[in-house]
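Each remark here refers to the structure printed beneath this line.
The values are calculated or read from the model by the stated rules, or taken from the named source; none is laboratory data. Worth saying up front: this structure is predicted, and the values here are computed from it rather than measured. Positions of Cβ are backbone-derived with ideal geometry, glycine not excepted, and every protein chain shown enters the neighbour counts. Surface areas here come from the heavy atoms of the whole protein model, side chains and all, with no ligands, DNA or RNA. Shrake-Rupley method; radii C 1.70, N 1.55, O 1.52, S 1.80 Å.
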Amino acid sequence: MKRTDNDPGGASGAVTVRGLVKHYGATKALDGVDLDVREGTVMGVLGPNGAGKTTLVRILSTLLAPTSGRATVAGYDVVRRPRQLRRVIGLTGQYASVDEKLSGRENLYLIGRLLDLPRKEARSRADALLERFSLTEAARRPAATYSGGMRRRLDLAASMIGRPAVLFLDEPTTGLDPRTRNEVWDEVKRLVADGVTVLLTTQYMEEAEQLAGELTVVDRGKVIASGGIEQLKARVGGRTLRIRPADPRRLRPLATALDELGITGLAGTSVDPESGAVLVPVLSDEQLTAVVGAVTARGITLSSLTTELPSLDEVFLSLTGHRAGAQRDTAPAETPEEAVAV
């Protein structure tokens, strides 16, 4: 579904952003954002509330005009070709936006017709998506009678009516219970397997690790880090050595022995009785080698020895100085003058 006509400066990636800026008076919601999303992948955009994530999605989905900079999605410039772009994208926001008075089937049929699908195709597409999202039995019920998880699935189905090449998911599992969240994750994975490109904003670290192949971290309207999950973890630095003795009775003596090593810069050890392991924070390969050598020299038999990178939560906190959800999004809604013409 990607455009093939000649557009000067067109991008080869599914989403390409260069120097994107959005001002609300003196507030810079976006301050020179660069972003590249490859076709058929999931890009996770992380950041505290107010970092600019939703503003970025609004611009890329043609709901908001940038102050400056350029962005192309599926080969279309978001400012110069908004009408054409809307035909090849889907959007699911933080809250389900379905019409509660209409049935699930009527919601999907209406969106199909708005996308200029013929009546027959709109009906068949609606029925196919209702089945795919396990909503067939509730198809004729008003959406107002749906549970929160059912509404979210209906909203996601609505974003797929036009068979989008690029799908924007702005914190799609906000407020969902763990079971429903997993159902949404499974559906996103199926969409990507079908070739859909996804840009996902989230504050759930588990969600990012489940779905995203690459991450972009934004804070105060700027990109402060990007790359694969393991790359970002390595960038923060620090590893935890998890040492598990074969004899559980050696657990605390092992911890004491490691504390007494006197290795320069080695942080204190801790004991995890539940897993039967001693945890040793190490900052360098030299420290790692010294710890392993000391354990070997003492003739302690081990059942396992593994190293663990920082969690994604720790990466987020280290990079932004905030915990996820620590702030409220303070960017004002766009005015009619700022919105892209429909």
Is one or more of the residues making up the range 23-36 under 19 Å from Ser159 (Cα atoms), modelled with pLDDT of 90 or more and not in a loop (DSSP other than H, G, I, E, B)? no
Helices (runs of 4 or more DSSP H) wholly inside the range 87-194 that include at least 2 residues being closer than 30 Å to Gly50 by Cα, open to solvent by less than 20 Å² (accessible area, probe 1.4 Å) and in contact (Cβ under 8 Å) with a residue 24 or more places away in the chain: 148-159, 178-193
Pick from Arg3, Arg18: which is at pLDDT 95 or above, touching a strand residue (DSSP E or B) at 6+ places or on another chain (Cβ under 6 Å), among the basic types (Lys, Arg) and surrounded by fewer than 23 Cβ atoms within 10 Å (Cβ to Cβ)? Arg18
From Met150, Met205, grab the single residue that is more than 30 Å from Glu308 (Cβ to Cβ) and modelled with pLDDT under 90. Met150
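Arg80: in a helix (DSSP H, G or I) and not polar (S, T, N, Q), yes or no? Let's see the steps before the verdict.
Numbers: in a helix (DSSP H, G or I): no; not polar (S, T, N, Q): yes.
Against the criterion (in a helix (DSSP H, G or I) and not polar (S, T, N, Q)), Arg80 does not qualify.
Pick from Thr92, Thr136: which is under 25 Å from Val192 (Cα atoms), more than 24 Å from the chain's Cα centre (by Cα) and of a type in the set (S, T, N, Q)?
Numbers: Thr92 fails: more than 24 Å from the chain's Cα centre (by Cα).
Matching residue, one of Thr92, Thr136: Thr136.
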